[in-house]
Amino acid sequence: MLNQLYDHIEKSLPPKRYQHTLGVIEVAVALAKQYDINEHSAEIAALLHDVSKCMNLEELHFYVECDETLKYYGDMGELLHGFAGSVYAKKELGIHDEDILSAIKYHTIGRRGMTTLEKIIYIADAVEPNRNYPNVDLIREKAKTCINDAILLEVDRKLKHLLEIDAPIHPNTVDMRNCILGELGK
Ligand SMILES: [Fe+2]
Ligand SMILES: [Fe+2]
């Protein structure tokens, strides 16, 4: 089954996006070991996290279920591909593990109360070896010792960027940040 999923993803994504996916798998499996969670779940979630990345808006909307989180933000493509990917993984690929589906769903915007698997996919997406931006090495190293600190660094970078380009910020991202601050006792 795993080989079939790899074949499906390789066929669904352009080579560069597939390379990115392999990078996310590499980091996610290493972090799963580090944080003592199921490595197989991390591999599946990482493999499928961008399964809907190349869908057009029509296809995305076909898969996205009506969801309170999408209210007012339903046309943000970056957000939609996680939501559509999670539904696609369940309906078309037979994935029923709720933690895996949630990790796919929220990998771009996060949410309050993320599980360790969700945090791992969120940060692996941001720091896989093909990513290259100022401070990526710092966030990469931080992820190995304190995933919450790594997410804070990454989310601050993301929020600054969104403010600079006057882009909408999904409330889930702010919720995720507040929640992680709480978990860190700040
Ligand atoms: Fe993505
Ligand atoms: Fe990704």
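The values are calculated or read from the model by the stated rules, or taken from the named source; none is laboratory data. Note that this is a predicted model, so its numbers are computed, not measured. Backbone-built Cβ (ideal geometry, glycine too); neighbour counts: all protein chains shown. What goes into the accessible areas is simple: the full protein's heavy atoms, side chains included, and nothing from ligands, DNA or RNA. Shrake-Rupley method; radii C 1.70, N 1.55, O 1.52, S 1.80 Å.
Quick notes
- For Val174, Val136, the ranking by accessible surface with the largest value first comes to Val174, Val136, using a 1.4 Å probe.
- Selected from His8, Thr116, Val64, residue furthest toward positive end of dipole (the stretch 2-183; charges at beta carbon): Thr116
- For the stretch 2-183, a simple Cβ point-charge model (Lys and Arg +1, Asp and Glu -1, everything else neutral) yields a dipole of about 300 debye relative to the Cα centre.
- Heavy-atom surface analysis with a 1.4 Å probe gives the stretch 2-183 a carbon and sulfur content of 50 percent of its accessible area.
- Accessible surface calculations at 1.4 Å, restricted to protein heavy atoms, place the stretch 1-128 at 47 Å² per residue.
- Of Glu128, Glu98, Glu39, the one that fluctuates the most in a GNM where the chain has Cα springs shorter than 10 Å: Glu98
- Here's the list of lysines a cross-link from Lys144 could span, going by alpha-carbon distance under 28 Å and ignoring same-chain residues fewer than 8 apart: Lys16, Lys33, Lys53, Lys105, Lys119, Lys158, Lys160, Lys186.
- Taking θ as phi - 60° and the Karplus parameters 6.51, -1.76 and 1.60, the scalar couplings of the stretch 169-186 work out to 10, 6, x, 4, 5, 5, 4, 4, 4, 4, 5, 5, 4, x, 5, 8, x, 9 Hz in sequence order, x denoting glycine and proline.
- Potential extension, Glu59-Glu26 segment - 0.36 nm per residue separation minus Cα distance: 9.0 nm
- Largest-first principal axis extents, alpha carbons of the stretch 2-183, Å: 37, 36, 28
- Using the rule -39500 (n - 2.57) for each DSSP H run of four or more residues, divided by the residues of the chain, the 222 nm mean residue ellipticity is -21000 deg cm²/dmol.
- J(HN,Hα) series, the stretch 104-115, from Karplus relation 6.51 cos²θ - 1.76 cosθ + 1.60, nearest Hz, glycine and proline x: 5, 4, 9, 5, 9, 10, x, 6, 5, x, 5, 7
- Probe 1.4 Å - accessible area at Asp175, Å² to nearest ten: 60 Å²
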